[in-house]
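Have a look at this one before I ask anything.
The values are calculated or read from the model by the stated rules, or taken from the named source; none is laboratory data. In this text, all values refer to a predicted model and were calculated from it rather than measured experimentally. A quick note on method: Cβ atoms are made from the backbone with ideal geometry, for glycine too, and the neighbour counts reach across all protein chains shown. For the accessible areas, the whole protein counts, side chains as well, though only heavy atoms, and no ligand, DNA or RNA atoms are used. Shrake-Rupley method; radii C 1.70, N 1.55, O 1.52, S 1.80 Å.
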Amino acid sequence: MKKKESQKPDEDWMSTYGDMVTLLLCFFVMMLAASKPDAAKYEQIQAGLNEGVGKQENQPRPIEMMMFELSDDIQSMDVEDEVALGTDAQGIVLEFEGDTLFDYGSAEIKKEALPTLKRIAATLQSQRYEKFIFSIEGHTSDEQFSSDKYPSNWELSSARASAVARFLESRGISRVRLRTSGLYDVSPKYPNRDPFGEPIPQNRIKNRRVVIHVEPSYK
């Protein structure tokens with residue numbers, strides 16, 4: 001008897017499947033490119049994955065370690081009402097609220113603020129955090145200000161950010177790891193005025209602040 005020829009399986013579906021997988025890959029690449037990675041969450045996920053695949057449990061978590069140390073600094077100095085600690089997509093956010101560091105119209109750091117700054121600087125300049133950079137922002141309220149030294153809040157906010165940067169440099173942090181910017185009132189934390197256009201004094205005080213963004217850099 002003549003053998004029956006075996007039929008080849010129909011594999012046309014694989015072309016369609018391959019196209020679909022390629023499109024999905026392109027979609028996720030576009031989503032990743034348009035998104036901002038959250039450094040703190042990425043560190044936690046990476047540590048969890050390492051533990052899940054049997055790697056060492058004590059993997060270094062520099063962001064988590066720095067958060068713990070800075071929190072301890074703030075609590076031990078009893079300045080929880082003056083210094084706020086948090087995270088954003090880039091890393092750690094350290095905020096000196098209101099007139100904590102400077103008197104009104106001044107860019108000279110207050111003497112009473114120096115112990116807190118020294119304690120925080122000692123943590124930031126630690127060798128284990130040498131891969132971090134520090135972006136320092138000076139903020140003011142919308143209140144009009146002018147002096148012989150600072151013609152406007154642009155100059156004042158920039159001078160305050162620079163004063164903090166110079167202080168950190170004096171405590172051992174290399175200047176190549178420091179960035180400064182003066183933002184006047186363009187990024188208020190609270191509304192400077194109510195819906196009727198009247199100033200809100202307590203909000204204006206809170207908006208006069210200095211913010212340090214601590215970001216990991218692995219270059």
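Which entries of LYS111/LYS149; LYS149/LYS206; LYS110/LYS131 show an alpha-carbon separation above 25 angstrom in the structure shown?
Over 25 Å Cα-Cα: LYS110/LYS131.
Give me the net charge for the shell around SER76: Cβ to Cβ below 13 angstrom, other residues only, Lys and Arg +1, Asp and Glu -1.
On the way: positive: LYS118, ARG119; negative: GLU69, ASP72, ASP73, ASP78, GLU80.
Neighbour charge sum, excluding SER76 itself: -3.
When Lys and Arg each count +1 and Asp and Glu each count -1, what net charge do the other residues less than 11 Å away from ILE212, Cβ to Cβ, add up to?
Working: positive: ARG179, ARG209; negative: GLU95, GLU137, GLU215.
Once all neighbours under 11 Å are counted, the net charge is -1.
Percent of accessible area on segment 68-219 owned by carbon and sulfur, 1.4 Å probe?
49
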